[in-house]
Amino acid sequence: PAALSRYAQLITYWQQTGAWTQLWITIRSLIEALQQRGQPEPATVLFGALTASPNASPLAGADATRLARAADDLAARLGPAEFAALLAEGKAMGDDSALSYALQVLSAANVPG
C-alpha cells in the first residue's frame with residue numbers, strides 16, 4: 001500500500017497541468033505496481049488504455065520490456081479470455097475515463113490521495 005500512496009496525487013497533479021506524457025508514465029508505473037500487488041484486473045484495464053491512448057508515448061527500451069513482462073504475467077494469471085476482455089475494456093476508454101478509473105482503483109484500495 002505504501003508504494004501506491006502517491007499515485008492519486010500524481011495523477012491529479014499531472015491531469016490538472018495537462019502533462020499527458022508524465023500522466024502516462026505514472027500510469028505505466030501504476031500498472032506494474034498493481035500487477036506486483038496482485039491486482040491483475042485493474043492493471044490489465046489500464047494496460048489496455050495505455051496501449052490505445054493517442055496521448056501516451058510509445059513504449060520503448062526498458063519500459064517496453066518491463067510492461068511486456070507485466071502483460072505476460074497478467075495474461076497468465078487471468079487466462080486468455082479474461083485478459084482479452086479486460087484489455088478491450090481499457091482500449092475502449094478515452095484518456096480521461098482511464099485516469100478516472102485509475103483514481104477509482106486507488107480510492108477502492110484505500111490509498112490516501
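The values are calculated or read from the model by the stated rules, or taken from the named source; none is laboratory data. Keep in mind that this is a model prediction, so the values were computed, not measured. Ligands, DNA and RNA are stripped out before the accessible areas are found, and what is left, the full protein with its side chains, is counted by its heavy atoms. Shrake-Rupley method; radii C 1.70, N 1.55, O 1.52, S 1.80 Å.
A 1.4 Å probe over all protein chains sorts D95, D72 by accessible area into D72, D95, starting with the largest. Rolling a 1.4 Å probe over the protein heavy atoms gives the chain an accessible area of 50 Å² per residue. Residues S5, S97, sorted by accessible area with the largest first, give S97, S5 [1.4 Å probe; ligands and nucleic acids excluded]. Take every pair of alpha-carbon atoms less than 8 Å apart whose residues are at least six positions apart; their mean separation over the length of the chain yields a relative contact order of 38 percent. For region 1-47, relative contact order (Cα pairs under 8 Å, six or more residues apart, normalised by length) works out to 31 percent.
Note on the chain: with neighbouring protein chains present and a 1.4 Å probe, carbon and sulfur make up 54 percent of its accessible heavy-atom surface. Listed values for region 44-54 are Karplus-derived 3J(HN,Hα) couplings in whole Hz (6.51 cos²θ - 1.76 cosθ + 1.60, θ = phi - 60°), namely 5, 4, 5, 5, x, 4, 4, 5, 9, 5, x, and x replaces Gly and Pro.
Mind sorting out which of [x] 79; [y] 44; [z] 50 is the real percent of Cα pairs over 18 Å apart computed from the coordinates? Step by step, percent of Cα pairs over 18 Å apart for this structure corresponds to label [y].
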